[in-house]
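Participant: Sharing a structure, written as structure tokens. Questions coming.
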Amino acid sequence: MATTKTDPKLANGAKKAKLYEGLTPERLIKAYRLMYTSRRIDDREILLKRQQKIFFQMSGAGHEAIGVAAGLALKPGYDWFYPYYRDRALCLALGVKPYDMFLQGVGAANDPSSGGRQMPSHWSYPALHIVTQSSPTGSQILQAVGCAEGGRYFARRPKAAELPDSKFADYRQFKNATFQPDEISYVSLGDGTSSEGEFWEAMNAASLEKLPVIFCVEDNGYAISVPVEVQTAGGSISRLVSGFPNFHFEEVDGTDPVASYAAFQRAVEYCREGHGPAFVHAHVIRPYSHSLSDDERLYRPDAERERDAQRDPVTRTQMFLLREGILDEKGITELEKEVEAELQAAVDLALDALPPVPESITKYVYSPDVDPSSPTFDTQPAPPESAATPDGKKATTKTMADLINATLRDEMKRDERIVIFGEDVADVSREEYLKLVKGKGGVFKLTFGLQHEFGSDRVFNSPLAEAAIVGRATGMATRGLKPVVEIQFFDYIWPAMMQIRDELSVIRWRSNNGFSCPVVIRVAIGGYLTGGAIYHSQCGESIFTHIPGLRVVFPSNALDAAGLLRTAIRCDDPVLFLEHKRLYREPFGRAPYPGPEYMIPFGKAKIVHPGDDLTVITYGAVVPRALQAAQKLEREQGVKVELIDLRCLNPFDWDAIAASVGKTNRVLVAYEDTLSWGYGAEIAARIADQLFDKLDAPIRRVAAKDVFVAYQPILEDAILPQPNDLFLAMKELAQY
Ligand SMILES: Cc1ncc(C[n+]2csc(CCOP(=O)(O)OP(=O)(O)O)c2C)c(N)n1
Ligand SMILES: [Mg+2]
């Protein structure tokens, strides 16, 4: 084991205690106690699992030394932690109690990590700044980067962290935005996980921004059964990452607590001093197979496993303490007895803990504090005369693009926690050009001028990496910022899907309200572009309305876009804000700027055209097309269509649908996305289920053909629902 061979005498001749890379003998005993406790919790859990008293087990065995070293070098409740499932010893070192870990195992109601919602070893302890962890390997890494960005932002703009002087309860009232000027974000992962693309996106972002993040790769040589040389080109992650600028690098025997502590101390110092990120590559072992469901003897010969066993950090540290005379055999036995007694008491208590009640399952899918469908978010537009545009000119009607831009501007003025980033959203990345050029401000110019007005730390371009955009935003929002990020085209949202589906939407629920991340993701969506083709025209909103925890909004006109975007920004839930490209600059639905307080509650539909004969339920770019068809039907046949624009897809306005169908007894659901399994299928199913006795005709749907949107306009027209398709379906239904 690494030691510093210092044994200096004090000036007065008294003997100073020997230090081991700065660790006193007392701290080493503490480290051993933590490591031993960690290992024995694993052993206990394995037993409990075999007795079917807990339901899953994931061990931290072999990773104890590096975990304890990190825990001793960093500060709980000060620094921020994104650990992974093998970090039991780290969590113990940061202050998590064994009892809390056993509560996770039994899935108790008072399990502080998740209240019985997550597997054990999925750590979440808000007071210690241990941020809720999920099961996808690697999805924590980008968030740790965003977390560091959040801390830095508040340190540079401390006023933004203060509570607003406002009676209106927006999301800020429920966010404790604390920060430290020299805080660090810790994130760990396994050797296998370093193959995930998100790892590389995170390394790049941390390097670019010189962020105080410590990346700790706990390399046990295997990812389940796949050895490191199959996983990592050349077999060494240290070698692969060594070219990243601004990093401090450490490669260490992670089974040696003293060497690990020394490596961490150097990494911590580098980050605290603001030089940039650090990378700690710790070589560890995995003595207990991957999990209880895995038997490593099937793919690892005995000789290899025995070689590993000789590096077992718990026995090595015990031998070290004996050899150095820090503890004798009696001392070791006593310590171990104390730990056993503590664990026995903790297990007994945890086994008596009450499970959660089934009625609790829907709690914390959304914010319990801010309800975006409440009347608080129902405000009137300022009268057109007084609703001066932000540039002070007399109000004229504006496009959806104009009003989204104006709303962003006014909200940024009101709330210093808003940051905007994405691909091409800045006016210009090179600061020195700002005075020379007009600026871009987004490929659709929706964020034009915002960097000029609010500065480059609030509006900036990100690398071309969608997972990084959403993952970093999620980390920032966890810290209390309000990122309003842009995904340039809906067709390119998929790299961010893991972050949206498995992180952003589920963080509040899985942490039992311990953490939340109300990000707004603005996305340009939709077709009717004559030439947009497959990769610039698709819809697909039902994939996102299928995700609990995510609000989905899809306005059809300028005024609704302004009111709903403001609600999205002020609310306390993550929102997917879908902006139809074809509607950005359409003459349809232009409006004067409705003023800086105009909001529309979520889940309130708009009757675009009242009628008694037939209900048409739609949203987005189908609204103007359905209106055209409805007006024609009224002109030609005297049929009065009630046209409902849902505006918000999750939540959606069931009351408006029920009231209208109760009146007309005929319903058409129309949407631009492909027909099968689409958003309208759910609406149709609900109507069939709950309004069956009101219907005088079958529920009809008009939607895109079940193919992709093609380039040639003749094909695009045939694929997407056209006014005439809507007209014919309405006419047929009215006559049924
Ligand atoms: C994205 C994702 N893919 C696959 C899995 C299944 N899985 C769980 S752990 C694991 C291996 C991880 O290996 P490594 O990163 O080396 O960590 P270790 O378990 O060895 O500490 C795999 C494939 C997962 N949880 N998430
Ligand atoms: Mg591994």
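The values are calculated or read from the model by the stated rules, or taken from the named source; none is laboratory data. Values in this document were obtained by computation on a predicted structure and should not be read as measured data. Cβ coordinates were reconstructed from backbone atoms using ideal geometry, including for glycine residues, and neighbour counts include every protein chain displayed. Remember, those area values only see protein heavy atoms, side chains included, never the ligands or the DNA or RNA. Shrake-Rupley method; radii C 1.70, N 1.55, O 1.52, S 1.80 Å.
Participant: Can you pull out the strands (runs of 3 or more DSSP E) entirely within segment 555-660 that have at least 3 residues that are on the phi > 0 side of the Ramachandran plot?
Facilitator: On the way: elements: 575-580, 606-609, 614-618, 641-645, 648-650.
Once the strands (runs of 3 or more DSSP E) in segment 555-660 are filtered for at least 3 residues that are on the phi > 0 side of the Ramachandran plot, nothing remains.
Participant: Looking only at segment 205-233, which residues are within 16 Å of ligand 1 (Cβ to nearest atom) and in contact with a Leu (Cβ under 9 Å, 6 or more places away or on another chain)?
Facilitator: Across segment 205-233, the qualifying residues are PHE215, CYS216, VAL217, GLU218, SER225, THR232, ALA233.
One line per residue, one yes/no per condition, for (1) assigned to a helix (DSSP H, G or I); (2) over 14 Å from the mean Cα position of the chain (by Cα); (3) not charged (D, E, K, R):
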position	(1), (2), (3)
MET119	no, yes, yes
GLY138	no, no, yes
LEU142	yes, no, yes
ARG152	yes, yes, no
GLN173	yes, yes, yes
ALA177	no, yes, yes
PRO181	no, yes, yes
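Participant: When you scan segment 309-330, how many residues do you find that are touching a Pro at 6+ places or on another chain (Cβ under 8 Å) and small (Gly, Ala, Ser)?
Facilitator: 1
Participant: Among the residues of segment 92-121, write down those that are within 11 Å of ARG510 (Cβ to Cβ), open to solvent by 10 Å² or more (accessible area, probe 1.4 Å) and touching a Lys or Arg at 6+ places or on another chain (Cβ under 8 Å).
Facilitator: Correct list: ARG117, GLN118.
Participant: Mind telling me which of the residues SER236, SER260 ends up being polar (S, T, N, Q) and buried (at least 18 other Cβ atoms within 10 Å of the Cβ)?
Facilitator: Of SER236, SER260, the one residue that is polar (S, T, N, Q) and buried (at least 18 other Cβ atoms within 10 Å of the Cβ) is SER260.
Participant: Mind listing whichever residues of segment 231-248 are hydroxyl-bearing (Ser, Thr, Tyr) and within 15 Å of GLY190 (Cα to Cα)?
Facilitator: THR232, SER236, SER238, listed by residue number.
Participant: Looking at segment 523-540, can you tell me whether even one residue there is open to solvent by less than 10 Å² (accessible area, probe 1.4 Å), within 16 Å of ligand 1 (Cβ to nearest atom) and of a type outside the set (Asp, Glu)?
Facilitator: So far as segment 523-540 goes, no, none of its residues is open to solvent by less than 10 Å² (accessible area, probe 1.4 Å), within 16 Å of ligand 1 (Cβ to nearest atom) and of a type outside the set (Asp, Glu).
Participant: What are the residue pairs meeting all of these: first residue in segment 223-236, first residue away from ligand 2 (no atom under 12 Å from the Cβ), second residue open to solvent by 60 Å² or more (accessible area, probe 1.4 Å), Cβ atoms under 6 Å, and 6 or more apart or on different chains?
Facilitator: What qualifies is GLY235/GLU229.
Participant: Right, here's the next one. Within segment 703-736, which residues are free of Cβ contacts under 8 Å to residues at least 40 places away in the same chain and within 34 Å of the chain's Cα centre (by Cα)?
Facilitator: Across segment 703-736, the qualifying residues are ALA703, LYS705, ASP706, VAL707.
Participant: For residues that are within 16 Å of ligand 2 (Cβ to nearest atom) and either in a helix (DSSP H, G or I) or surrounded by 24 or more Cβ atoms within 10 Å (Cβ to Cβ) (or both), tally how many sit in segment 185-215.
Facilitator: Total meeting the criteria: 11.
Participant: A further question follows. Say whether the condition of being in a helix (DSSP H, G or I), without any contact (Cβ under 8 Å) to a residue 12 or more places away in the chain and either at positive phi or not aromatic (Phe, Trp, Tyr) (or both) is met by at least one residue in segment 281-294.
Facilitator: Of segment 281-294, the ones in a helix (DSSP H, G or I) are none.
No.
Participant: Now, a different point. Would you check if TYR171 is open to solvent by less than 10 Å² (accessible area, probe 1.4 Å), of a type in the set (Phe, Trp, Tyr), more than 16 Å from ligand 2 (Cβ to nearest atom) and more than 20 Å from GLU209 (Cβ to Cβ)?
Facilitator: yes
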